[in-house]
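Report on the structure given below.
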Amino acid sequence: MVTGTEKKVYTFEEYEALEREEGIRYEFFDGEVFAMAGTTKRHNAIVQSFARILYPFARKSGCSIFTESIKQKLKTGERYVYPDVIYTCEPADLADDSETVVQSPSLLIEVFSESSQRFDIQDKRLEYFKIPSLQYYLLVSQKHYGVELYERSADFWKYTIYDGLNAKIALEKLGVTMTLAEIYEGI
């Protein structure tokens, strides 16, 4: 007996074709696809702030910033997600500008909402921590002026909370500093 609830399993090539045909972003987990929810103006403004803040640092160090529509390959299985901001200095990630996937980021940023909070904080975080090149993971709130920073430190991840517009974040391994006032400018 076949039920109507069976899930279609996609190959990576079928998944990419689906995105091209439908014009919708999907995250890909071992053959299953999940449509990405739309964003708010606030979410978009925060992502744009990060791109603006990070651009001078990236340009000076030969790195690149990608926002919202570039995939991050995860190390476990065939899994691809869309972080809000990807900062990479890996030559292989920068070699072909027609590619849609980054594999070796230094920094990943998620601007979370109530609907994405559990997935961004729990599931994605655990997957992101398995990426050898990743040095920093930032979780950014839309509801209040707050950022959670995970920083790789030898064999563990250091966790720091930044709260309030006067807080200053230093990502020393990337030579990047920023304030929450810059991140939340206009919000």
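The values are calculated or read from the model by the stated rules, or taken from the named source; none is laboratory data. Note that this is a predicted model, so its numbers are computed, not measured. Neighbour counts are summed over all protein chains in view; Cβ atoms, including those assigned to glycine, are modelled from backbone coordinates with ideal geometry. The area values use the complete protein model at the heavy-atom level, side chains included, leaving out ligands, DNA and RNA. Shrake-Rupley method; radii C 1.70, N 1.55, O 1.52, S 1.80 Å.
A few comments on the model shown:
- Distance between modelled label sites at Ile24 and Glu185, nm, 7 Å Cα→Cβ extension: 3.5 nm
- Helix 41-61 vs. the chain, principal-axis angle (Cα, 0 to 90°, nearest 10): 70 degrees
- Here the accessible area of the chain is 51 percent carbon and sulfur, with a 1.4 angstrom probe and all protein chains present.
- Given Lys41/Lys124; Lys41/Lys173; Lys7/Lys75; Lys7/Lys73; Lys7/Lys124, the pairs whose alpha carbons are separated by over 26 Å: Lys41/Lys173
- A Förster radius of 35 Å combined with the Cβ-Cβ distance from Ile161 to Arg52 puts the calculated FRET efficiency at roughly 0.90.
- For the pair Ser61 and Lys8 in one chain, pulling the backbone fully straight at 0.36 nm per residue adds 14.8 nm over the alpha carbon distance.
- Axis angle, to the nearest 10 degrees, between helix 12-22 and the longest C-alpha principal axis of the chain: 80 degrees.
- The alpha-carbon of Lys71 sits under 12 angstrom from the alpha-carbons of these aspartates and glutamates, leaving out residues fewer than 8 places away in its chain: Glu16, Glu19, Glu27, Asp84, Asp93, Glu99.
- Taking 0.36 nm per residue of separation and subtracting the current Cα-Cα distance, fully stretching the chain between Lys143 and Leu126 would add 3.8 nm.
- Probe 1.4 Å, protein heavy atoms only - accessible area per residue of region 46-187 in square angstrom: 48 Å²
- Each of the peptides 168-179, 94-105 was scored by the mean count of other Cβ atoms within 10 Å over its residues; in descending order, highest first, they stand as 168-179, 94-105.
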